[in-house]
Amino acid sequence: MDSLLYDLPALTIRSISVSQMDNNVYLLTAKESGAQLLIDAADDLAAIRQLLADGSADTGAEAHLALIATTHQHWDHVRALKELVEATSAPTAAGADDADALPVPVERRLGHGDKVAVDGFELAAVHLRGHTPGSIAFVYEDPEGPAHIFSGDSLFPGGVGNTQKDPGRFTQLLSDVTGRLFDAYPDTAIVHPGHGKPTTLGAERPHLGEWRARGW
């Protein structure tokens, strides 16, 4: 299956699903510089290597993995992280409150509003508390099209991420998702979740009240 999701003016977005848990691994490749940013080295190093190779065809420059970003600390999103770092020596980025739980040192400890840049593009870090303490969504704002939100396990089609039936964590997550995603970006913004299929903020916005009422 072709891993290419979007061919944008400055970069391409590719994705594969790995493991029995259908974890999404995303790769952004800058067309001009060849810099690559990978989001969630979830599992299956061989498949991730193939994804990087596929992305190398999207640039006329020499492709190189410039950064590995992690949306959150849960084991199913980091199983190939140590191997990938050892194989590539690429630096890492993750939410400050999740960084110490990752299996590798984290060079960039991210807070809300921080920018993550490689040669050719940058992403905004959006801190979404509740699924884990340091969960981060990464947002690329395409100057010529909709924004792309890589939401990890904080936002899916049909609801927010699992908060283990903890009312405080659920309220925090829904409030952050509402204020920091739905109130900050237009309905055209495309949501790329940590598992499963993409959606848009516009498709999910009408259901925010239902989610709050049901409590999950």
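Starting from the Cα gyration tensor of the chain, take the square roots of the eigenvalues, sort them a ≥ b ≥ c, and report rounded, prolate or oblate (rounded when a/c is under 1.5, otherwise prolate if a/b is larger than b/c, else oblate).
Values: a/c = 1.74, a/b = 1.38, b/c = 1.26.
The shape class here is prolate.
Among beta bridges identified by DSSP and lying wholly in the chain, the antiparallel ones come to about 70 percent. A cut-off under 13 angstrom between Cβ atoms defines the neighbours of Gln172, and their net charge, with Lys, Arg +1 and Asp, Glu -1, is +1. Is segment 92-174 rounded, prolate or oblate when judged by the Cα gyration tensor, a ≥ b ≥ c being the square roots of its eigenvalues, rounded requiring a/c under 1.5 and prolate requiring a/b larger than b/c? Oblate, since a/c reaches 1.5 and b/c is not below a/b. What shape does segment 63-130 take by its C-alpha gyration tensor, where a ≥ b ≥ c are the square roots of the eigenvalues and a/c under 1.5 counts as rounded, a/b above b/c as prolate, and the rest as oblate? Oblate.
What's the center-to-center distance, using Cα atoms, between segment 70-111 and segment 178-214 in Å? That distance is 26 Å.
As an exercise, identify the GluC sites (Glu not before Pro) in segment 64-160 lying in DSSP coil whose Cβ has no more than 16 other Cβ atoms within 10 Å. Show your work: numbers first, answer last.
Details: sites: Glu83, Glu86, Glu107, Glu122, Glu141, Glu144; in loops: Glu107, Glu144.
Qualifying residues, ordered by number: Glu107, Glu144.
Taking Ala87, Ala35, Ala63 as the candidate residues, the one with maximal mean-square fluctuation in a Gaussian network model of the chain, Cα springs under 10 Å, is Ala87.
3J(HN,Hα) couplings calculated from phi for segment 118-130 with the Karplus curve 6.51 cos²θ - 1.76 cosθ + 1.60 (θ = phi - 60°) are, in sequence order, 10, 5, x, 6, 9, 10, 9, 8, 10, 7, 10, 7, x Hz; Gly and Pro show x.
Counting only alpha carbon atoms, the long axis of helix 167-177 and the longest principal axis of the chain meet at about 60°. For segment 98-191, averaging the sequence separation of C-alpha pairs within contact (under 8 Å, six or more residues apart) and dividing by the residue count gives a relative contact order of 22 percent. For the chain, the longest principal axis of the alpha carbon atoms and the long axis of helix 45-56 meet at an angle near 70°.
Can you sort Lys31, Lys165, Lys82 by 1.4 Å-probe accessible area, starting with the largest?
Numbers: Lys31 65, Lys165 200, Lys82 100 Å².
Accessible-area ranking of Lys31, Lys165, Lys82, largest first: Lys165, Lys82, Lys31.
For the chain, the 222 nm mean residue ellipticity estimated from helices alone, with every DSSP H stretch of n ≥ 4 adding -39500 (n - 2.57) and the total spread over all residues, rounds to -5500 deg cm²/dmol. Sum up the charges of everything whose Cβ sits under 15 Å from the Cβ of Leu155, counting Lys and Arg as +1 and Asp and Glu as -1, but leave Leu155 out. My count for the surroundings of Leu155 gives -1. Counting pairs of alpha carbon atoms under 8 Å apart in space and at least six apart in sequence, what relative contact order in percent does the chain give? Relative CO of the chain lands at 15 percent.
Rule-of-thumb check for segment 1-78: C-alpha Rg over 2.2 N^0.38 Å?
Numbers: Rg = 11.9 Å, N = 78, 2.2 N^0.38 = 11.5 Å.
Expressed relative to 2.2 N^0.38 Å, the Cα Rg reads 1.04.
The values are calculated or read from the model by the stated rules, or taken from the named source; none is laboratory data. Since we're looking at a predicted model, the values are computed, not measured. Counting neighbours? That spans all protein chains shown, and the Cβs are built from the backbone with ideal geometry, glycine included. Surface areas here come from the heavy atoms of the whole protein model, side chains and all, with no ligands, DNA or RNA. Shrake-Rupley method; radii C 1.70, N 1.55, O 1.52, S 1.80 Å.
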